[in-house]
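Here the structure comes first, spelled out in structure tokens, and everything after it is commentary.
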Amino acid sequence: MVGGQPQVLSIKFGEKMKAQILGIILLMVLPLKAENFPAELNLYLERENSLLKVYLTCYNPTLETLDFKVSLKIIKKGPSGTSNVLQSKRIILSPKEKIKPMLGLLKIGPEDFYTIEVKVWNKERRLILEKTICSENER
Amino acid sequence: MKKNAKKLLIYPILCFFLVSISSLSTANSIKDNFMNLPLVDIRVDLDFNYNKEIPIENFASFESTNTALIFQIGSLNEAYQTQLGLENLAFVLQEGSNNYVFQYQEGNRNQAYVIQNGANNYASQYQYHDYNTGIIVQIGYNNEAFQFQSGGSTSIIIQQGNGWRTTSGFEY
């Protein structure tokens, strides 16, 4: 009887954990498309409890090397203060190569407002894509 | 009464370190799982600054594979860290309000950490080149964090608390 208790408890604990994990992770994928730009860019927003994880994936489906620049700007404002993240990187992608070049992670509270801005420049350093996402509680 | 006093003293400190440690471990796991970066060999013996009085300004500048630590307790402190080269670690812990941190790292695989406990604090991190990690943890309200990273990097900002001012200080 004593030996059986931990097994029952561990099963319940496992079930509970699984439900929590399924319940609290929110994943949003935003494809970033630009004209005459063959690279496949996706912006991932992953929300786990109060943590917001923002990252990009870049894939080169062509047989040529691609050269471009990406920037990611995240601004969060709320009672705890202001967070500013500005990341940029020149990316050279080999054929069929896929990378995750940058990651931003912020703690977001219920009263916080945040914006995420992605910009892409081509090889000639011309801005070819600009996307901005705002949180629901926009002020 | 003594027990309560001890609890009042110990719990905030304990919570602060737990939050700090969990944030750092989260950062490390994200970094390892996400970008498969090599672990950095850290040497801690090159510089150590501990300042308990206010106001004080520190400046630390090194080349590769070094660690710079700054601990400041009180208000109106300023911490400046500049590291050039590879695999450096910069760490600032400030306890108090109206403090300021500036960290600059140029090179690959650097790590910069700021932990600030209090209100009206400001932290800025500038990292150039690839595989860098910048982490700012601010506990309190009305803080500001700024990170600039040029290159494939990981950025983490944790701002905790929407406390309000009381006669005895701040509550969270």
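The values are calculated or read from the model by the stated rules, or taken from the named source; none is laboratory data. None of these values were measured; they are calculated from a predicted model. All Cβ positions, even for glycine, are placed from backbone atoms using ideal geometry, and neighbour counts span all protein chains on display. The protein model used for the area step is the full one, side chains on, heavy atoms only, and it has no ligands, DNA or RNA in it. Shrake-Rupley method; radii C 1.70, N 1.55, O 1.52, S 1.80 Å.
Does segment A:4-49 hold any residues that are at pLDDT 85 or above and among the hydroxyl-bearing types (Ser, Thr, Tyr), and which are they? Within segment A:4-49, just A:44 meets the criteria. If the condition is being among the aliphatic types (A, V, I, L, M), open to solvent by less than 40 Å² (accessible area, probe 1.4 Å) and away from chain B (no Cβ under 14 Å), then segment A:42-70 contributes A:43, A:45, A:66. Scan segment B:76-85 residue by residue and report those that are assigned to a loop (DSSP other than H, G, I, E, B) and surrounded by fewer than 17 Cβ atoms within 10 Å (Cβ to Cβ). Passing the criteria: B:76, B:85. At the interface with chain A (Cβ under 10 Å from one of its Cβ atoms) and either within 27 Å of residue A:102 (Cα to Cα) or at pLDDT 90 or above (or both): does that describe residue B:138? Yes, satisfied.
Among the residues of segment A:91-122, those that are β-branched (Val, Ile, Thr) and more than 13 Å from chain B (Cβ to nearest Cβ) comprise A:115, A:118, A:120.
If you check A:73, A:77 for being farther than 18 Å from residue B:151 by Cβ, more than 9 Å from chain B (Cβ to nearest Cβ) and open to solvent by 50 Å² or more (accessible area, probe 1.4 Å), only one passes: A:77. Counting only strands (runs of 3 or more DSSP E) that sit wholly inside segment B:112-153, those with at least 3 residues that are touching a residue at least 60 places away in the same chain (Cβ under 8 Å) are B:132-139.
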